[in-house]
Amino acid sequence: MTLLSATAAAPTTRSFSTVRLFLLVAAAAVVLAAPLAIYPLFLVKILCFILFASALNIVLGFAGLLSFGHAAFFGGAAYITAHAAKVWGLPFELAVLAGVGFATVLGLVFGALAIRRHGIYFAMVTLALAQMVYFLAVQLPFTGGEDGIQSVPHGTLLGIVDLGKSTSMYYVVLGFTAFGLFVIWRAIRSPFGHILAAIRENEQRARSLGLNVERYKLIAFTLSAALSGLAGSLKAIAFQLASLADVTWHMSGEVILMTLLGGMGTLIGPAVGATFVVSMEHYLSTSGLPITFIIGTVFVICVMLFRRGIYGEIRARLLATRQPSDLGD
Amino acid sequence: MREQQHLLEVSNLNGWYGESHVLHGMTFNVGAGEIVTLLGRNGAGKTTTLRAIMGVVRKRRGAITYKGSDIISLPQHKVPWLGIGYVPEERGIFATLNVLENLMLPPVTQSGGMGIDDIYQLFPNLRGRDQTPGTRLSGGEQQMLAIARILRTGADFILLDEPTEGLAPVIVEEIAASLQVLKQRGLTIVLVEQNLRFAASIADRHYVVEQGVVVDEIANEVLPASMDRLNSYLGV
Amino acid sequence: MTEIFGVPFAVLLGQLLLGLINGSFYALLSLGLAIIFGMLNVINFAHGAFYMLGGFAALVAFNTLGIGYWPSLIVAPLAVGLIGVVVEKLLLRHLYKMDHLYSLLLTFGVALMLEGLFRHLFGSAGKPYPLPEALSGGINLGFMFLPAYRAWVIVASLGVCLVTWYAIERTRLGAYLRAATENPSLVQAFGINVPVMLTLTYAFCVGLAGFAGALAAPLYQVSPGMGSNLIIIVFAVVVIGGMGSIIGAVVTGLSLGLIEGLTKVFVPSASAIAVFLVMVAVLLLRPSGLFGRER
């Protein structure tokens, strides 16, 4: 099967490669120069959500599991990092590591519970587990209740780069995000990624081939949780704040929207979706329009009219002109 | 029988399951009071033809006229109200409904349907089983229930899909006898069958279906003389 | 008899009563979710939003149209049911043939729209709804004081659950529903308009949620967020009980309400997460749920 798809894809990879290289260089230039034109902290926010949505995409897009509880990892890691940096006085790197570690363990536990059920039950279990984290965040004293943890110190990168400057913060977060996306890209292109795709397409068949389906799902879920945690930790440091908003079910829903809107199961889709949603919210926040209502409307439109998402639609059209049969991958 | 106006006329019927084209121009007719069978191998399109008449298969082209009016453009749920009853393959008995509920499920669409007592007379096995879950009945009893529930609706034109499939010879005889009773009552039946002996025992005419087309028509009187021809179609 | 594990008997009963009330709402909502899931194969995320809508329907009817509590118990479910008809016909029905996840996402979007709209129109703060006069008193049971309205909430919601159960398990209409759950295409071939039946089922079940919202209005305050907080707990209830049976949904809903009440007495800080902890335990011990048959 792998062999077949590899030969089928061969002619297109070559014709794409120069275009791709050019696009990649252009994109890199834009991303590196962006803080010259746009307020860097706004870009940092976009980057955090790009990482978050791409992390969710591992389970939602590539493994076909709808997690409705990813806010627990994002917001949970934000609390831990904020607490570690502010109260324990840990340096930036260790505070982020603490947050990511927390999200990883939480992901392992939630994942182990949730994969015991399938389909919509999986979605409901993850939602309920995340809501438990929300209630804990409301009640536990260290989270600061409604106020959250404020004035989290920026710190420095390796004791050298002052992260109080928003431009340096941008490049540091950019580095982390690029690292996260690279990890996802490698994972998806690896045999592990192919097994995930096989499970997504037909779980029964994957099982009958002797694959330990649960184990692969759990690894994917935990990886996804860890990277979501990284996104949350970075956001907490960059904005000096960890708050309840980051652990609500709205947050879980929003990141699903980003992934869906951009294009589930594509590498670039979640980035497109995150950029779109964060920008939209940014411009709406001063307009006085009801944001939640508009987010909901976008959700409905997206599910009804273009389920492949913005990037997914574009890619499908491009591929359709070149190679009608192969829309997989 | 053939001179009077046909009750059902199917002409050049094409039908699709999703993308796969199953019926390629079925043409046949059924007169009032007749029992007509569709014979053919597995996958020839017999069941699909019945489903296309009922509108269960939605993607159709061609013409289906019943009592002179087109029914292909009718919404699916309107078709039974013309007095057309459907006994699907594998009987379609509901597991979450008991026997009585299964029996009472299809709405009465015309007057003249059989009463419960008549039904129990025709199928004594069903008597006293009201509260049994439908699928706890034996295969033969489920088949009787599937026929019985349509008789209650007053339908006088019945599409019957493989009623003898997987049943013991004794039960097959019982079902044949009950169909004879129905014929005497003036009901019209289109029967999809694999069991040639059963078909010959009750039918007036036979259509042979191959790859979604009617390829031959054989009257029941000449069936014994046409066995060689038939066997070559059916590949027995 | 006056103290159990150091807790005064009256306090214990009081909390159990509160738990039973919460449980009644869980039962009403998870019942609707279970029927919708059985018939339409849809997890209706908007169920909480329809509950909220029921509360607001009663409130608006009272404040602007002068419609009192009792008529609003009819008016609110009808209004909510009508909106349900629109949602089903306009949006939901186009997704039946797709992965369940899309209908879950769609109804999530609808929930956001409704909640966002009402936050915009009415603000986030809760609005009080007056107790109906006939039920403003209470009954002294000797060992505790039972407020009449709370007793009514339990009776009314359990009554509605019972009637719904009867209608589905014992009537002809219910037989159509059960049969269509099993094999919609055959039921349609018997001459029953299944698409209309699906629309009406959805409308009826969200109407039940609207009824629960109107019932809750005098008890809690009416606020745009009242539904989303509840629906997640109800999802946990549904995971615990499974959606295979109506009785299962009702029994699970009530018992989890009681468990929550008990937690409030003995471990007050854990009461908010009690239902979720039970869910975790069930997932570990009996992954397919208490009454479960997984699909």
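Is there a residue being at the interface with another protein chain (Cβ under 8 Å from one of its Cβ atoms), surrounded by 24 or more Cβ atoms within 10 Å (Cβ to Cβ) and within 30 Å of B:Asn98 (Cβ to Cβ) anywhere in region C:225-238? Yes, because at least one residue in region C:225-238 is at the interface with another protein chain (Cβ under 8 Å from one of its Cβ atoms), surrounded by 24 or more Cβ atoms within 10 Å (Cβ to Cβ) and within 30 Å of B:Asn98 (Cβ to Cβ).
The one condition from (1) under 22 Å from A:Val183 (Cβ atoms); (2) surrounded by fewer than 12 Cβ atoms within 10 Å (Cβ to Cβ) that A:Lys45 does not meet is (2). Would you check if there is a residue in region C:59-82 being within 14 Å of chain A (Cβ to nearest Cβ) and more than 18 Å from the chain's Cα centre (by Cα)? The answer is no; no qualifying residue exists.
Listed conditions (1) in contact with a Phe, Trp or Tyr (Cβ under 7 Å, 6 or more places away or on another chain); (2) without any contact (Cβ under 8 Å) to a residue 60 or more places away in the chain are all met by A:Arg189, apart from (1).
Summed over region B:189-209, the residues that are in a strand (DSSP E or B) and more than 13 Å from B:Phe28 (Cβ to Cβ) give a count of 2. The condition of being more than 18 Å from C:Phe204 (Cβ to Cβ) and either among the polar types (S, T, N, Q) or surrounded by 24 or more Cβ atoms within 10 Å (Cβ to Cβ) (or both) holds for only one of C:Ala111, C:Ala57, that being C:Ala111.
Considering each of B:Ala168, B:Ala176 in turn, give the residue that is on the phi < 0 side of the Ramachandran plot, out of contact with any Phe, Trp or Tyr (no Cβ under 8 Å at 6 or more places or on another chain) and hydrophobic (A, V, I, L, M, F, W, C). B:Ala168 is the lone residue from the list that is on the phi < 0 side of the Ramachandran plot, out of contact with any Phe, Trp or Tyr (no Cβ under 8 Å at 6 or more places or on another chain) and hydrophobic (A, V, I, L, M, F, W, C).
Picking from residues in region C:251-282 that are under 19 Å from A:Ala128 (Cα atoms) and within 14 Å of the chain's Cα centre (by Cα), the one that is farthest from the other protein chains (Cβ to nearest Cβ) is C:Leu254. In summary, helices (runs of 4 or more DSSP H) completely within region A:119-234 and bearing 2 or more residues that are in contact with a strand residue (DSSP E or B) (Cβ under 8 Å, 6 or more places away or on another chain) and away from every other protein chain (no Cβ under 14 Å) occur at A:166-189.
Restricting attention to region C:84-115, and to residues there that are within 21 Å of C:Leu200 (Cβ to Cβ) and not in a helix (DSSP H, G or I), which single residue is nearest to the other protein chains (Cβ to nearest Cβ)? The residue in question is C:Leu91. Among the helices (runs of 4 or more DSSP H) confined to region A:241-329, the ones with at least 3 residues that are more than 13 Å from chain C (Cβ to nearest Cβ) are located at A:269-284, A:309-322. Report yes if A:Gly193 is touching a helix residue (DSSP H, G or I) at 6+ places or on another chain (Cβ under 9 Å) and closer than 26 Å to A:Ala28 by Cα, otherwise no. Judged against the criteria, A:Gly193 is a match.
Out of (1) within 30 Å of C:Glu182 (Cα to Cα); (2) at pLDDT 90 or above, the odd one out for C:Met39 is which? Condition not satisfied by C:Met39: (2).
The condition (being modelled with pLDDT under 90 and either of a type in the set (Phe, Trp, Tyr) or under 26 Å from C:Val194 (Cβ atoms) (or both)) is satisfied by just one residue among B:Gly18, B:Gly62: B:Gly18. Only residues that are outside any helix (DSSP H, G or I) and out of contact with any helix residue (DSSP H, G or I) (no Cβ under 7 Å at 6 or more places or on another chain) were counted across region C:51-67, and they come to 2. Take the residues in region A:109-118 that are part of a helix (DSSP H, G or I) and under 16 Å from A:Gly64 (Cβ atoms); name whichever of them is nearest to the other protein chains (Cβ to nearest Cβ). Among residues in region A:109-118 that are part of a helix (DSSP H, G or I) and under 16 Å from A:Gly64 (Cβ atoms), the one nearest to the other protein chains (Cβ to nearest Cβ) is A:Ala114.
Here the condition is being closer than 21 Å to C:Ala180 by Cα, hydrophobic (A, V, I, L, M, F, W, C), surrounded by fewer than 18 Cβ atoms within 10 Å (Cβ to Cβ) and within 14 Å of chain C (Cβ to nearest Cβ); of B:Val79, B:Val87, B:Val108, it holds for B:Val108 alone. Name the residues in region B:15-61 that are within 18 Å of B:Val209 (Cβ to Cβ) and surrounded by fewer than 17 Cβ atoms within 10 Å (Cβ to Cβ), would you? Correct list: B:Trp16, B:Tyr17, B:Ser20, B:His21, B:His24, B:Gly25, B:Thr27, B:Arg41, B:Asn42, B:Gly43, B:Arg61. Here C:Ala167, C:Ala180 are screened, and the one residue that is away from chain A (no Cβ under 14 Å), among the aliphatic types (A, V, I, L, M) and under 20 Å from the mean Cα position of the chain (by Cα) is C:Ala167.
The values are calculated or read from the model by the stated rules, or taken from the named source; none is laboratory data. Predicted model only: the values in this text are computed from it and were never measured. Ideal geometry is used to build each Cβ from the backbone, glycine not excepted, and the neighbour counts take in all protein chains shown.
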